[in-house]
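The values are calculated or read from the model by the stated rules, or taken from the named source; none is laboratory data. It should be emphasised that the depicted structure is a prediction, and the values quoted were computed from it without experimental measurement. We place every Cβ from the backbone using ideal geometry, glycine too, and count neighbours over all the protein chains shown.
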Amino acid sequence: GENVEQHPSTLSVQEGDSAVIKCTYSDSASNYFPWYKQELGKRPQLIIDIRSNVGEKKDQRIAVTLNKTAKHFSLHITETQPEDSAVYFCAASKRTGFQKLVFGTGTRLLVSP
Amino acid sequence: SQTIHQWPATLVQPVGSPLSLECTVEGTSNPNLYWYRQAAGRGLQLLFYSVGIGQISSEVPQNLSASRPQDRQFILSSKKLLLSDSGFYLCAWSVSVGPQHFGDGTRLSIL
């Protein structure tokens, strides 16, 4: 089955710096890759997703890149702000009529003012 | 717009007691429904998913079960809770191949 590895487990940056979180997946048939942000005690919220027919997607300060050949995808946050502090999860699935997401283990991002 | 409701928000139960967590979705028909568990400081583990009424698929063999008695209702149950059942339980929904959206979760503590 699918296996998703996520690195780093923790990431500390200064406000205004960029942050990059990387994930690798094992199943070459996976073609949908969402990213979720989870604040302490709250539900995971979808922040961006990418499908395998594109290599990059941007939404304001957030971008995701996908390298299908290498089977890895990354989340890029530019101009980080303290409110970006949270745990970020990547996931992967195959589009088989419903999503059976396999999640990474999460990255705790701390943005210091 | 679509909304998802989960209750209760928190629950403290003794070992060996039964469990029933409920999740309902509004604003959409025939959603795909999911139950996840998140242990403290860990990732999300898929427990059950359902693509329609009465259709339940289990991902992890354990003492939990799920049911979908109505199109937009998903219930997670147990006859006898174990200490290892403690965690944050999240219900999620999606339509067709759209993104999954999570409820606010139930924090379950077993004593």
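A few notes on this one:
- Subset of the range A:86-113 that is surrounded by fewer than 20 Cβ atoms within 10 Å (Cβ to Cβ) and more than 11 Å from every other protein chain (Cβ to nearest Cβ) - its residue that is nearest to B:Cys91 (Cα to Cα): A:Leu110
- Hey, A:Lys68 within 13 Å of chain B (Cβ to nearest Cβ), charged (D, E, K, R) and under 30 Å from B:Val51 (Cβ atoms) or not: no
- Residue in the range B:57-79 that is closer than 25 Å to A:Tyr32 by Cβ, modelled with pLDDT of 95 or more and hydroxyl-bearing (Ser, Thr, Tyr) present: no
- Meets criteria (among the polar types (S, T, N, Q) and either part of a loop (DSSP other than H, G, I, E, B) or in contact with a helix residue (DSSP H, G or I) (Cβ under 7 Å, 6 or more places away or on another chain) (or both)) for A:Ser74: no
- Residue in the range B:18-26 that is in a loop (DSSP other than H, G, I, E, B), away from chain A (no Cβ under 14 Å) and modelled with pLDDT of 95 or more present: yes
- Within the range B:81-111, being in a loop (DSSP other than H, G, I, E, B) and more than 30 Å from A:Arg51 (Cβ to Cβ) holds for B:Leu81, B:Leu82, B:Ser86, B:Leu111.
- With respect to the stated conditions, B:Gly43 fails to be surrounded by fewer than 13 Cβ atoms within 10 Å (Cβ to Cβ) and over 14 Å from the mean Cα position of the chain (by Cα).
- Looking across the range B:74-111, the residues that are more than 14 Å from every other protein chain (Cβ to nearest Cβ) and surrounded by fewer than 15 Cβ atoms within 10 Å (Cβ to Cβ) come down to B:Ser77, B:Lys79, B:Lys80, B:Leu82, B:Leu83, B:Ser84, B:Leu111.
- Filter result (of a type in the set (Gly, Ala, Ser) and part of a strand (DSSP E or B)) within the range B:37-52: B:Ser50, B:Gly52
- Candidate set: the range B:1-17, residues that are aliphatic (A, V, I, L, M) and not in a strand (DSSP E or B); chosen: the one surrounded by the most Cβ atoms within 10 Å (Cβ to Cβ): B:Val15
- So B:Gly98, is it within 13 Å of the chain's Cα centre (by Cα) and not basic (Lys, Arg): no
- The number of residues in the range A:13-45 that are assigned to a strand (DSSP E or B) and in contact with a helix residue (DSSP H, G or I) (Cβ under 7 Å, 6 or more places away or on another chain) comes to 0.
- Reported count of residues in the range A:47-63, each being in contact with a strand residue (DSSP E or B) (Cβ under 6 Å, 6 or more places away or on another chain), part of a strand (DSSP E or B) and either within 13 Å of another protein chain (Cβ to nearest Cβ) or not aliphatic (A, V, I, L, M) (or both), is 8.
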